[in-house]
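For reference, the structure discussed in these notes is given below.
The values are calculated or read from the model by the stated rules, or taken from the named source; none is laboratory data. Everything quoted here is computed from the prediction, not taken from an experiment. Ideal geometry is used to build each Cβ from the backbone, glycine not excepted, and the neighbour counts take in all protein chains shown.
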Amino acid sequence: MNGPAPAPLAPNGTAAGADDPATDRLLAGWRATGRPADLTGHLRRHGPPPKAARAGAGVAATLAAVVEEAGLTGRGGAGFPTARKLRAVAAARGRAVVVVNAMESEPASRKDQFLLAVAPHLVLDGAVLAATAVGADTVHVCVPRLRHAQFQQLGAAVEERAHARLDPVRMRLHALPHAYVSSESTALARWLDGGPARPRGGTPRLHDRGVAGRPTLVHNAETLAHLALVARHGPAWFRQAGTPQEPGTTLVTVSGAVAVPAVLEVALGTPVAAVLDRAGGPTEPLQAVLLGGFAGTWLPPEHLPTPLTRRDLAPLGAAPGAGVLVALPASACGPCETARILAYLAAHGARQCGPCRFGLPAVAADFATLAAGRADPELPSRLHRRTALLPDRGACRHPDGAARLAASALRTFAEDIERHLTRGACPAAHRTPRIPVPPATPPETWR
Ligand code: SF4
């Protein structure tokens, strides 16, 4: 696994950014060596896997208590308490299964890819620890099919562990179709059962009946890496970073108009502006920051001093989400960037539910009209009405995220929108778009 830095994994081809030893945890090995950690290097840095280091701790109740005391929450977007998931799966009947969600389908995020490239064994340690705790015999690691290098790197890490006879569970690596909603936990379970990688929604819940009808624990890659460190160092150590309510560090992918686009590890509670500064600071005056990802929220500059926590961002209708910060310069067109993202989200809906089949494409079409500067006096009220109809109606949260983005654009870019409607598209609308958005075409396959 040793080798050159996986630079292409960070945004715009740069390697992970400015150093901050105070919050270097997940990325500490990478900072120290500049190389991905193979199993030998990983064990040298972190010591033996938590199960061996803490005999007797492989019991769900014990691990859940430690994790609860640490205050660890999911780092995949929803921020669900990790201990609660562990307890729910452990309490369900039948042999459990653990799924490592390494799909990272959010186009503006690179943090899980980066973490898996430089510290794969930290993630796998966490997965094995969770599996041991909930009585699982299998760990499924799910990565997108298009990321060949990542698949090979992870395959090598899994082989190293098998060769060293390190783990008491079976580990299987899978390459799934690459669609925005395929990283949803029920989509993973559905695919592992031989179906399409589309969200399933409804009941039963995965912790009761998931993969092959067995209790299933799905955790995002970064969450499992934190779990491995909490088990090694304890809750008090974990709480040395972050806020009392939201402790620990988190990985953030910073891109857009900053000097050094990068994957950074920051303490929760760090002001959004300070995170941008860690990435070298804005290269131009900003008109907004996209926080959380494509299904996130536009924040105007006056909110940049806000601490990066769920609690502080909630009053602004925002959340850390997938740990994404995209700095949008004042020279860009906010409605146009939003229209491109919404078109992509609409194309990547699984189109099983009403809001994905009708509502989301309609909102995306309205935004395209807006971006083009076509006068339509009905447009603002129609857009507000349609956006409000999207949340809480799908079997998954995909339409909710798109609605959040659209609603925040209507707030943040209100002046530009008014101008587009009354005087046509602004000059910025004719410039090259600033946010890389994949083509707005439906996934080729769900299987
Ligand atoms: S809301 Fe959309 S993505 Fe979610 S389950 Fe329904 S059709 Fe699929």
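A few notes on this one:
- Enumeration of residues in the stretch 341-363 that are crowded, with 24+ Cβ neighbours inside 10 Å and more than 11 Å from the ligand (Cβ to nearest atom): Ile341, Leu342, Val363
- Within the stretch 408-444, the only residue that satisfies the criterion of being in contact with a Pro (Cβ under 8 Å, 6 or more places away or on another chain) and within 16 Å of the ligand (Cβ to nearest atom) is Pro443.
- Qualifying residue in the stretch 167-176 (condition: touching an Asp or Glu at 6+ places or on another chain (Cβ under 9 Å) and in a helix (DSSP H, G or I)): no
- Pairs with Cβ under 8 Å, 6+ apart, first in the stretch 190-205 and small (Gly, Ala, Ser), second away from the ligand (no atom under 11 Å from the Cβ) and assigned to a loop (DSSP other than H, G, I, E, B): Gly195/Arg447; Ala197/Pro177; Ala197/Arg447
- All positions within the stretch 129-150 that are over 27 Å from Ala61 (Cβ atoms) and surrounded by 18 or more Cβ atoms within 10 Å (Cβ to Cβ): Cys142, Val143, Pro144, Arg147, Gln150
- Leu328 being modelled with pLDDT of 95 or more, buried (at least 24 other Cβ atoms within 10 Å of the Cβ), under 19 Å from Ala257 (Cα atoms) and in contact with a helix residue (DSSP H, G or I) (Cβ under 7 Å, 6 or more places away or on another chain): yes
- Selection within the stretch 412-435 - in contact (Cβ under 8 Å) with a residue 60 or more places away in the chain and within 28 Å of the chain's Cα centre (by Cα): Thr412, Phe413, Pro433, Arg434, Ile435
- Taken together, the criteria exclude Leu405 from residues that are modelled with pLDDT of 95 or more, away from the ligand (no atom under 16 Å from the Cβ), in contact with a strand residue (DSSP E or B) (Cβ under 9 Å, 6 or more places away or on another chain) and part of a helix (DSSP H, G or I).
- Wholly enclosed strands (runs of 3 or more DSSP E) of the stretch 275-370 bearing at least 3 residues farther than 22 Å from Gln113 by Cβ: 286-291, 297-299
- Between Thr283, Thr309, Thr243, the distinction of being within 20 Å of Pro81 (Cα to Cα), over 20 Å from the mean Cα position of the chain (by Cα), in contact (Cβ under 8 Å) with a residue 12 or more places away in the chain and not assigned by TED's automatic domain parsing to the domain that holds Phe80 belongs to Thr243 only.
- Checking each residue in the stretch 183-231 for being in a loop (DSSP other than H, G, I, E, B), in contact with a strand residue (DSSP E or B) (Cβ under 8 Å, 6 or more places away or on another chain) and within 13 Å of the ligand (Cβ to nearest atom) picks out only Ala197.
- Test result for Pro438, more than 23 Å from Val254 (Cα to Cα) and under 20 Å from the mean Cα position of the chain (by Cα): no
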